[in-house]
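Here the structure is laid out as structure tokens; the discussion comes afterwards.
The values are calculated or read from the model by the stated rules, or taken from the named source; none is laboratory data. Keep in mind the model is a prediction, meaning the values are calculated, not measured. Glycine gets a Cβ as well: all are built from the backbone with ideal geometry, and neighbour counts include every protein chain shown.
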Amino acid sequence: LPDTRGSWYNQTMTLVECEKMCKSNCLCTAYANSNKSGTRSGCFLWFGSLIDIRTIVEDGDAIYIRLSSSELVLCLNVSLRHHILTDSIESSRTSSAGRGLRVIILIVLVVLVILVSICLFYCFNRKKQQQQGTSSNKFRHDPKNGSGDEDLELPLFGFSIIRKATNNFSVNNKLGEGGFGPVCKGVLEDGKEIAVKRLAKTSTQGLHEFKNEVIL
């Protein structure tokens, strides 16, 4: 309550009587019910400026302040602006939280897209390598030639060894020429004689025909 030095006090008046008395006096600026006797009776009236208003958290008395219409409108405007400002702050916080959530969702989606792309790229490369391995194994196993599961297990020689054995594919070592290409005679380092069939650039035959000739 404000400082009581500029107030008037009546111990027996009720709050309703106190209100009527304040409203009937144009100099009255506020009134309050006093609880000094413990019976909730008694009336405080203030005249002039209210000095040293304090808020009492527990067991305090309510004060009723008289305001002119212009002051009341001003208070309402201040209260309304405060309410709008509070709503604006809350709305801004909600909007910020919504933007933060959208950013998190976007990051998660980007990470998922990257992971899926990596997995697809890995699977594609692996499938491609398997296809290349299957193509390279056709020489060892080709169901089209009717050999079933037969594995020829042919020895492999480097090109330098073949070239040395045939004296760089010398014309003197040429045995003949077929649809696949020229055939040259050669001798390995261990003295074993071999026949080397070299694919010609103009040949229209491929791996299947070459394998058939090797089998024959």
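What the table shows:
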item	result
Test: residue in segment 15-26 that is surrounded by 15 or more Cβ atoms within 10 Å (Cβ to Cβ), modelled with pLDDT of 85 or more and in contact with a helix residue (DSSP H, G or I) (Cβ under 8 Å, 6 or more places away or on another chain)	no
Test: residue in segment 61-81 that is part of a helix (DSSP H, G or I), charged (D, E, K, R) and modelled with pLDDT of 85 or more	no
Any pair with Cβ under 7 angstrom, 6 or more apart, that starts in segment 175-198 at a residue that is under 14 Å from PRO155 (Cβ atoms) and ends at one that is among the hydrophobic types (A, V, I, L, M, F, W, C) and part of a loop (DSSP other than H, G, I, E, B)	ILE194/LEU188
Condition check for GLY206: more than 13 Å from ILE162 (Cβ to Cβ) and at pLDDT 75 or above	no
